[in-house]
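What follows is a short report on a single structure.
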Amino acid sequence: MKTAIIGGGPAGLYLAILLKKQWPETDITVYERNRADDTFGFGVVFSDATLDNFEKYDLPSYQRITREFAYWDDIAIHFKGTEHRIGGNGFCGCSRRTLLLILRDRAEELGVTLRYEVDVDDESLFADADLVVIADGINSRFRERNAEHFQPEVDLRPNKFAWMGSTRPLDAFTFIFQDTEWGPFIAHAYQYEAGRSTWVFETDPETFERAGLGQKTEAESAALMEEIFGWFLQGHKVLTNRSIWRNFPMIRNKRWVLGNRVLLGDAKASAHFSIGSGTKLAMEDAIALYEALRKDRTVAGALALYETGRREEVEKTQHAADVSLVWFEHVARFWNFDPVQFAFGVMTRAKAITYDNLRLRAPDFVADVDRTFARQVRERGFDVPVDQPDVPMFQPFRLRDMTIENRVVVSPMDMYSARDGVPGDWHLVHYGARATGGAGLIFTEMTCVSPQARITLGCTGLWNDEQEAAWKRIVEFVHANSATKICLQLGHSGRKGATKLMWEGMDRPLEEGAWDICSASPIPYFPDSQVPREITRADMEKIKAQFVEAAQRGERAGFDMLELHCAHGYLMASFLSPLTNQRSDEYGGTIENRLRFPLEVFDAMREVWPAHKPMSVRISATDWAEGGVTADDSVAIARAFSEHGVDLVDVSTGQTVREARPIYGRMFQTPFSDQIRNEAHVATMCVGNITTADQVNTILAAGRADLVALARPHLVDPFFTMKAAAWYGAKNVHCPPQYLVGKDQIFRNSVRDRQDLEDLKIRGKPKTRAELKLEAAEKPLAAE
Ligand SMILES: Cc1cc2nc3c(=O)[nH]c(=O)nc-3n(C[C@H](O)[C@H](O)[C@H](O)COP(=O)(O)OP(=O)(O)OC[C@H]3O[C@@H](n4cnc5c(N)ncnc54)[C@H](O)[C@@H]3O)c2cc1C
Ligand SMILES: Cc1cc2nc3c(=O)[nH]c(=O)nc-3n(C[C@H](O)[C@H](O)[C@H](O)COP(=O)(O)O)c2cc1C
């Protein structure tokens with residue numbers, strides 16, 4: 001098989017090595033436009049896991065690479081005069097030049113034809129090849145030439161960055177967050193060989209502009225970086241090598257294969273430098289393509305296999321890189337954080353590292369995080385211990401006069417089980433169980449303000465005395481048997497009304513017994529849904545009065561808190577989103593206009609709801625759809641509600657329009673809560689695919705939300721909070737006397753179970769290469 005590879009970067013060379021090693025008879029040519037020893041950039045970084053892969057696939061190059069590498073275990077975070085070090089990370093770096101020379105020599109040794117200084121343009125050069133590999137890097141000419149087919153998507157990120165180097169020795173992957181007169185600068189730095197370190201400098205576009213970097217030469221830029229980071233560089237120089245300031249392009253391609261041509265490495269998908277995975281991704285692509293060719297010896301079959309088999313892994317890495325780069329883009333948001341909390345945020349920004357795994361690796365650091373959190377709670381008037389504090393999840397929180405014992409919330413969940421809007425025995429048992437399970441706060445399902453406001457015939461309501469009495473019974477049970485507080489969520493279904501029960505067809509229109517529905521504009525949810533009537537001023541007044549009456553009933557029923565449901569495409573949400581609100585009156589158009597009706601309803605409720613009791617609003621922080629509500633809009637929405645006296649924003653997303661394309665994943669809505677909390681400066685509750693106490697602690701400790709709600713996990717585990725309390729030894733969690741012996745037992749057992757699991761994890765964890773190297777260096781030399 002004749003193979004042409006365009007591009008002699010890590011991806012192209014490593015593929016050539018793997019193919020030639022397995023099939024020595026194949027004719028493989030690598031075309032590279034640069035000279036053989038000509039390379040840009042400084043160091044590259046690999047994790048231990050990536051090196052394990054290289055060891056498996058080509059031992060000689062692995063051995064040469066690892067001989068040259070600098071190893072480190074720690075991540076060091078410098079911020080406002082503090083340094084936090086977190087160990088156990090297992091990384092190593094080597095010079096990009098050395099890496100390429102090793103790969104070049106190994107390829108040559110195996111008999112690969114390497115043609116340097118050939119800038120491939122003429123396609124006839126590889127017209128007779130059976131396989132053409134497009135590994136020509138981030139600005140790939142051959143990808144662009146076939147852009148219609150590959151459908152590349154280039155997302156040019158706003159921040160500016162430049163790869164530079166230094167002679168400053170470093171013993172950790174080092175992040176420096178530096179204040180300057182122009183704004184914040186960040187350095188991502190690591191050593192890759194003795195006396196050489198890579199320094200990627202990053203800043204936001206406004207700071208870049210203010211610092212005049214656009215007008216500076218490479219040398220002037222380096223001089224400015226030397227000045228800014230001089231205190232750390234300790235007289236070492238900042239070096240340049242084509243160190244041009246650029247914007248990072250996140251590259252994705254819809255298709256990776258065109259006939260016998262295939263995209264590899266940066267040409268196919270890039271990963272932001274903050275997770276250090278560009279070269280890893282490129283070389284692991286080569287491994288994946290090689291594996292596909294081993295499995296299927298036809299080019300077409302193998303390429304199809306490569307594309308389907310590799311895509312998920314690449315997308316996962318890109319997603320982690322996306323989350324990480326966004327964190328760096330918004331670093332100003334966290335600038336006022338306590339340095340310990342800030343450092344915890346840096347470590348946990350991309351989801352892979354969490355509270356619990358940091359606790360194993362860096363117990364002192366996490367103890368510091370816990371103390372910092374507890375100190376902040378104390379500053380809010382709680383008499384909590386600071387020296388031996390409970391974990392963040394079990395720290396109390398206050399909204400107006402309502403205090404909750406811990407930060408776990410049962411998210412609102414419609415049970416679709418009411419009769420004529422009256423909550424029955426099911427509801428008593430459901431809410432009662434979740435309250436006795438220890439959550440700090442539980443929300444009712446969306447409780448509707450009139451028969452027409454119901455989503456389904458099974459929804460609960462609060463428009464008559466019978467419903468009020470039934471809710472009162474539930475609230476009284478919760479108060480009598482737990483320390484849990486209970487919040488009433490009030491809503492109006494709008495254009496999603498008159499639909500079927502969840503298990504009969506979510507949001508699908510009722511075939512029989514439907515009532516007339518209304519919305520901000522007459523746009524049906526599904527094309528075959530009922531077309532809602534555009535609500536009039538008179539309707540608005542009537543509906544507002546219904547919300548007020550329900551709030552008054554809620555107060556009489558004894559609820560501790562009240563939420564106005566403005567999310568998920570129901571009536572209030574239909575006003576907020578420009579996709580569902582196309583009104584031409586003062587209730588449509590600008591965001592101020594779209595907010596008008598929800599705020600009028602909120603104000604009217606706030607007026608009758610006792611001043612000492614808190615109110616929240618639930619919003620969909622994005623529509624996940626073109627032209628819809630964006631995260632930035634949701635900050636404006638949160639600010640507006642906050643100005644009107646909202647105490648907490650309950651941050652959900654989507655479910656507003658059918659064309660939404662949400663990006664799901666663990667804790668996928670948390671970034672929206674983070675943005676709202678830290679930009680609009682209002683307390684938030686986050687929710688969405690949060691399933692473990694570890695995640696709850698991670699979110700809280702990083703300051704990304706004040707409360708964490710879980711919905712589906714609570715459906716199958718009312719005692720989620722009690723179990724987590726036992727796990728972390730948080731003794732203050734309330735338990736009804738009837739269950740105390742169960743609490744005693746689980747607390748006793750959990751201490752042991754946790755110790756066993758942690759020991760197992762520590763013992764089972766292979767030593768990092770840095771640890772092995774240190775051990776080897778410390779061993780006494782064998783006697784001759
Ligand atoms: C300027 C720069 C500096 C960088 N510095 C670092 C760093 O210090 N550390 C780090 O970890 N990562 C760095 N990166 C990112 C990292 O290099 C990539 O993620 C990784 O190298 C991807 O490997 P690749 O083989 O897919 O692409 P590349 O390494 O980009 O290799 C592509 C190769 O194709 C060649 N080529 C392109 N077009 C043609 C053509 N028409 N004909 C022939 N040859 C062609 C190019 O010369 C290049 O050698 C840097 C990237 C750039 C652009
Ligand atoms: C069965 C069910 C019913 C729900 N009903 C409501 C509701 O009445 N009001 C509401 O605001 N959200 C409702 N939600 C959304 C949840 O509150 C929550 O935002 C969502 O399920 C994501 O959280 P999770 O990943 O923890 O399940 C419901 C979710 C489920 C699973």
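The values are calculated or read from the model by the stated rules, or taken from the named source; none is laboratory data. Just so it is clear, the structure is predicted and the values come from calculations on it, not from any experiment. No Cβ is skipped: glycine too gets one built from the backbone with ideal geometry, and neighbour counts run over all protein chains shown. These accessible areas exclude ligands, DNA and RNA; they are computed on the full protein's heavy atoms, side chains included. Shrake-Rupley method; radii C 1.70, N 1.55, O 1.52, S 1.80 Å.
Check the range 86-93 and report whether any residue there is farther than 29 Å from Asn260 by Cβ and open to solvent by 30 Å² or more (accessible area, probe 1.4 Å).
yes
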From Phe201, Phe142, grab the single residue that is within 16 Å of ligand 1 (Cβ to nearest atom), part of a strand (DSSP E or B) and either farther than 30 Å from Leu289 by Cα or open to solvent by less than 30 Å² (accessible area, probe 1.4 Å) (or both). Phe201
Among the residues of the range 526-552, write down those that are modelled with pLDDT under 95 and of a type in the set (Ser, Thr, Tyr). Ser529
Note on the range 604-636: residues touching a Lys or Arg at 6+ places or on another chain (Cβ under 9 Å), closer than 21 Å to Val708 by Cα and aliphatic (A, V, I, L, M) are Met615
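Out of Pro363, Pro412, I need the residue that is under 27 Å from the mean Cα position of the chain (by Cα), open to solvent by 10 Å² or more (accessible area, probe 1.4 Å) and under 26 Å from Pro610 (Cβ atoms). Which one? Break it down into steps so the answer makes sense when it comes.
Details: Pro363 fails: under 26 Å from Pro610 (Cβ atoms).
Criteria check complete, one pass: Pro412.
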Just the residues that are within 16 Å of ligand 2 (Cβ to nearest atom) and small (Gly, Ala, Ser), please, taken from the range 578-627. Ser616, Ser620, Ala621
Scanning the range 669-698 for residues that are surrounded by fewer than 18 Cβ atoms within 10 Å (Cβ to Cβ) and either at pLDDT below 95 or closer than 26 Å to Ile455 by Cα (or both) gives Asn689
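Against the definition (outside any loop (DSSP other than H, G, I, E, B), within 15 Å of ligand 1 (Cβ to nearest atom) and crowded, with 22+ Cβ neighbours inside 10 Å), how does Arg157 come out, yes or no? Spell out how you get there, then give the answer.
Details: outside any loop (DSSP other than H, G, I, E, B): yes; within 15 Å of ligand 1 (Cβ to nearest atom): yes; crowded, with 22+ Cβ neighbours inside 10 Å: no.
No.
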Any residue in the range 59-75 that is under 30 Å from Val346 (Cβ atoms) and modelled with pLDDT of 90 or more? yes
Go through (1) crowded, with 24+ Cβ neighbours inside 10 Å; (2) within 25 Å of Thr630 (Cα to Cα) and name the single condition Ala701 misses. (2)
Look through the range 432-446, keep the residues that are part of a strand (DSSP E or B) and among the β-branched types (Val, Ile, Thr), and return whichever of them is nearest to the chain's Cα centre (by Cα). Ile442
All positions within the range 520-578 that are assigned to a helix (DSSP H, G or I) and among the charged types (D, E, K, R): Arg537, Asp539, Glu541, Lys542, Lys544, Glu549, Arg553, Glu555, Arg556
Quick count over the range 468-493, residues being touching a Pro at 6+ places or on another chain (Cβ under 7 Å) and open to solvent by less than 10 Å² (accessible area, probe 1.4 Å), is 3
Find the helices (runs of 4 or more DSSP H) located wholly in the range 272-378 whose residues include 1 or more that are away from ligand 2 (no atom under 16 Å from the Cβ) and small (Gly, Ala, Ser), and list them. 278-295, 299-329, 339-347
Please determine whether any residue of the range 447-454 is in a loop (DSSP other than H, G, I, E, B), within 16 Å of ligand 2 (Cβ to nearest atom), of a type in the set (A, V, I, L, M) and in contact (Cβ under 8 Å) with a residue 12 or more places away in the chain. yes
Within the range 391-431, which residues are closer than 25 Å to Cys459 by Cα, charged (D, E, K, R) and either touching a Pro at 6+ places or on another chain (Cβ under 9 Å) or not in a helix (DSSP H, G or I) (or both)? Asp414, Arg419, Asp420
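Rundown of residues vs (1) out of contact with any Pro (no Cβ under 8 Å at 6 or more places or on another chain); (2) closer than 29 Å to Leu125 by Cβ; (3) free of Cβ contacts under 8 Å to residues at least 12 places away in the same chain, yes/no style:
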residue	(1), (2), (3)
Thr198	yes, no, no
Phe201	yes, no, no
Arg210	yes, no, no
Ser243	yes, no, no
Ile251	no, yes, no
Arg261	yes, yes, no
Leu264	yes, yes, no
Thr279	no, yes, no
For residues that are within 15 Å of ligand 2 (Cβ to nearest atom) and open to solvent by 10 Å² or more (accessible area, probe 1.4 Å), tally how many sit in the range 431-445. 1
